[in-house]
Amino acid sequence: MGIYRSPKQLDGPLRTRSAPDLTIVSGLPWSGLPIRLRLLIDEHGTVVEVQILQSSEAAEVVERVRQMFLATGFTPGLEQGRPVPSYKDIEITVGNLP
């Protein structure tokens, strides 16, 4: 595993290549409070790890959100035009799922 670049180090923002599969989290008992995540994305745009930075949700909800983002593809982060491992911090609530 390499050094994951912050968004400020990249040539531009990371963008999703595939939409998150919302069926993975449908029907879950949401508290309505935000979940803060850090997605570690390799130089190919694959989410290799989802770190939970803050959550008050039940363990099942957190695990299903984690699985949803592990299955979501991103464009690779670029630093000086070269693909590099990077991370993206996001915050979601039941009302603003990506």
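Couple of notes before you dig in:
- Cα gyration tensor of segment 23-77 - equivalent ellipsoid semi-axes, whole Å, descending: 22, 12, 8
- Residue-count net charge about residue 30 - beta-carbon cut-off 12 Å; Lys, Arg +1, Asp, Glu -1: -1
- Degrees, to the nearest 10: 59-70 long Cα axis against longest axis of the chain: 30 degrees
- A simple spin-label model places pseudo-atoms 7 Å from Cα toward Cβ; at residue 60 and residue 90 they are separated by 2.3 nm.
- Per-residue ellipticity at 222 nm, computed for the chain from helices alone with -39500 (n - 2.57) per DSSP H run of at least four residues, works out to -4000 deg cm²/dmol.
- Cα extents of the chain along the three principal axes, largest first (Å): 43, 23, 22
- Computed FRET value (nearest 0.05) for residue 82 with residue 15, which takes r as the C-beta separation and R₀ as 30 Å: 0.95
- Sites residue 28 and residue 48 - FRET efficiency at Förster radius 25 Å, r taken between beta-carbons, to 0.05: 0.55
The numbers here are math on the coordinates, done by the rules we state, and not lab data. As the structure is a computational prediction, the values presented were derived from the model and not from experiment. Cβ sites come from the backbone with ideal geometry, for glycine too, and all protein chains shown count toward neighbours.
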